[in-house]
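Worksheet: the structure to be examined is printed underneath.
The values are calculated or read from the model by the stated rules, or taken from the named source; none is laboratory data. In this text the structure is predicted, and so the values were computed from the model without any measurement. Quick reminder, even Gly has a Cβ in these numbers, built from the backbone with ideal geometry, and neighbours come from all protein chains shown. Areas reflect the complete protein model, heavy atoms only, side chains present, ligands, DNA and RNA absent. Shrake-Rupley method; radii C 1.70, N 1.55, O 1.52, S 1.80 Å.
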Amino acid sequence: MFDRFSDLTVDHIKSVLLLIGIFLAFFIYLAKKHNLFDLERKLNYGLGVAALTAFLSFYNFGFFHFGGGVFHTHDLYHYYMGSKYFKEVGYLYLYDATIVADEESNNYMREVKTIRDQANYNIIPRETAHQTEDKWRTKFTIERWGEFKGDLIWFEAQPHNWQWWGGIVGDFGYNPSPVWTMDAQILSNLIPTSSMLGMLFIAYLDGILALIMLVVIWRAFGLQTALFSMLFWGTTFAYVFSFTGASMLRHDWIVYLVISICLLKMMRPRAAGFFFAASSSLRIFPVLFIFPLAASFLAKSFLRKKIEWQGGKFLISAALCAIAILLCTMIFVPGHLGAWPDFIAKMKVHKESWNTWNWGFMDIFLYRGEVYDNLPDSWKITKMLEIQPFILSINLLRLATVLLLVFAASRLEYWEALSLGGCMVFLFTNPTKYYFVHLITLIPFYTARLDQLWRVRGIAMLFALMIFMYLLRSFNETAVLLQFAICSGVYLLYLYTITATIKNVR
């Protein structure tokens, strides 16, 4: 019953909420156009109800992970244990230590036969964990090893069976940047698994950060933008509670990025630069958001024949804060300078892995009508080879899109240019699907001026894309099909936004 409720009922409720959001956006536009202030106030009440319902829908209306409990055991294990014991196991040996610790305690995973080698992502026999002990076991003190085993027993006691653990130690391991590790290790070392309240705080801290973000949006853009943002936050396809909810600091980067946009709107470029640096250092790829803003800065400085210091202050602040954050990792992250080369090596392996849940611009051209997911590991490599004759045309399309984006950004305020930076992420990276939550940065762009019809059409297209994806998944859950559909939709959405900006903004 729970699984059916999760897969069908909540998705349908989210689709209805998004449809309501589309109608409300158009009615608010009409109310503004005809100065119907009383009607607009009533529409805001309806928007508030829809937004609150959407926020609750993200948490599956209190059912959380349904039969899986209130924690995302799979995700929380990686992020809590990976950050807490980073000094001992680094990026490579979390699974090895887990197997050995389990054998020395309750042997809960005795039926798990294989683990994933984090150096190359090959599946290897579990016995390999003992062969690597000399590389990590000596880094544990007796007390820390006992604590590791105790923490592992806590995770094993959560409502998942040993088969589920076969999937956990067969995953892609611990991958956050050293900056994220630096932050998260404070929480994971301070709060023990023996504290149920503390673990709940860690698991649901993201929700607190999201509420703070929404308050900042309210302060910068007003109530309507905050409510539309809440509505989108709770209903975004691919960014659902079952995938990342009740884990550990999975939303921090997007919260900081949105706050950066808000601070730019409030004419506080130095503070905005700090939050942008924080976001980029936590996940790396958000740094691409800066491209349209930098283009806008250069265009404004060129046209005015002097440095435009509002953008200059942001860029200088972001650069200096990024350097300061990097220096902090050299002091406070176990392994110091070695953590960054290890992270880069891990990301190289991660990028080369085949995964239908990594979405980006290139995936539009890889789809060939597959209707099932039982594909060989070489599927993506084969497809990349097949499209090599067309790679020049694809890159020219990329370049044309970038040039349009630059031209559009030159006409925008800095906060608007930063809001469109997700286009660069889409064009040049291939992050896991839940990172598509970065589309929330388009909400302020559209809703800050709901008196302009082209912006209302933009939010309608964004919400309609989410509805389409939910409906498509209800009929066909094929990952490669969903990948193709959302990537095509996102590209069309960005094309519309960029061209409409060029046409309408003077």
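For Glu308, nonlocal amide neighbours, meaning residues 5 or more places apart or on other chains whose placed amide H falls under 5 Å from its own, are Ser301.
Take the Cα of Ile208, step 7 Å toward its Cβ, do the same at Lys139, and the gap between the two points is 2.9 nm.
Relative to the 2.2 N^0.38 Å rule of thumb, the stretch 274-352 has a C-alpha radius of gyration ratio of 1.36. Cross-linked pairs Lys84/Lys346; Lys113/Lys383; Lys33/Lys300; Lys313/Lys346; Lys149/Lys348: Cα-Cα separations exceed 23 Å for Lys113/Lys383; Lys33/Lys300; Lys313/Lys346; Lys149/Lys348. Relative to the first principal axis of the alpha-carbon coordinates of the chain, what is the inclination of helix 37-58, with its axis defined by its Cα atoms, in degrees from 0 to 90 and to the nearest 10? For 37-58 against the chain, the angle is about 10 degrees.
Summing charges over all other residues whose Cβ lies under 15 Å from the Cβ of Phe148, with Lys and Arg as +1 and Asp and Glu as -1, gives -4. For Thr114, the amide hydrogen comes within under 5 Å of the amide hydrogens of Arg126, counting only partners 5 or more places away or on other chains and with H modelled in the peptide plane. Largest to smallest in accessible area, the residues Tyr372, Tyr491, Tyr470 fall in the order Tyr372, Tyr491, Tyr470 (1.4 Å probe, all protein chains included). Relative to the longest principal axis of the Cα atoms of the chain, the long axis of helix 391-409 makes an angle of roughly 60 degrees.
A crude spin-label estimate for the pair Ile153 and Leu8, with each label 7 Å from Cα along the Cβ direction, gives 4.2 nm.
Placing a pseudo-label 7 Å from each Cα along the Cα-to-Cβ vector at Lys305 and Asn476 gives an inter-label distance of 5.9 nm.
Extension gain, Leu19-Ile394: 0.36 nm per intervening residue step, less the Cα-Cα distance, totals 131.6 nm. Each residue of the stretch 308-324 is assigned a 3J(HN,Hα), and the resulting list reads 8, 6, 5, x, x, 4, 5, 5, 5, 4, 4, 5, 5, 5, 4, 5, 4 Hz, derived from the Karplus form 6.51 cos²θ - 1.76 cosθ + 1.60 (θ = phi - 60°), x at Gly and Pro. Once C-alpha pairs closer than 8 Å and six or more residues apart are averaged by separation and normalised to the residue number of the chain, the relative contact order reads 21 percent.
Kirkwood-type hydrodynamic radius, the stretch 239-382: 18.3 Å, calculated from all non-identical alpha-carbon pairs. Calculate how large, on average over all directions, the projected area of the Cα convex hull of the stretch 357-506 is; give the answer in nm² to one decimal. Across all orientations, the stretch 357-506 yields a mean hull projection of 9.2 nm². Taking the C-alpha atoms only, the angle from helix 223-235 to the longest principal axis of the chain is near 40 degrees.
Can you tell me the relative contact order of the stretch 220-379? Whole percent, Cα pairs under 8 Å, sequence separation 6 or more. Don't skip to the answer; put the middle values down first.
Working: 97 pairs, mean separation 28.0, N = 160.
Reported relative contact order: 17 percent.
Per the Kirkwood treatment, what hydrodynamic radius in Å, one decimal, follows for the stretch 1-124 from the mean inverse distance over all distinct Cα pairs? Kindly include the intermediate steps, with their values, before the conclusion.
Numbers: mean 1/r = 0.0526 Å⁻¹.
Evaluated on the stretch 1-124, it is 19.0 Å.
For the chain, the share of alpha carbon pairs falling in successive 20 Å distance bins from zero is 21, 55, 22, 1 percent. For Lys32, the accessible area of its heavy atoms, probed at 1.4 Å with every protein chain present, is near 60 square angstrom.
Test of the criteria: in the stretch 351-452, which GluC sites (Glu not before Pro) are in a DSSP loop and have at most 11 other Cβ atoms within 10 angstrom of their Cβ? Mind dumping the intermediate values first?
Numbers: sites: Glu352, Glu370, Glu386, Glu413, Glu416; in loops: Glu370, Glu413.
Answer by residue number: there is no such site.
The stretch 404-423 to the stretch 82-119: how many Å between their Cα centroids? The two parts, judged by their Cα centres, are 45 Å apart.
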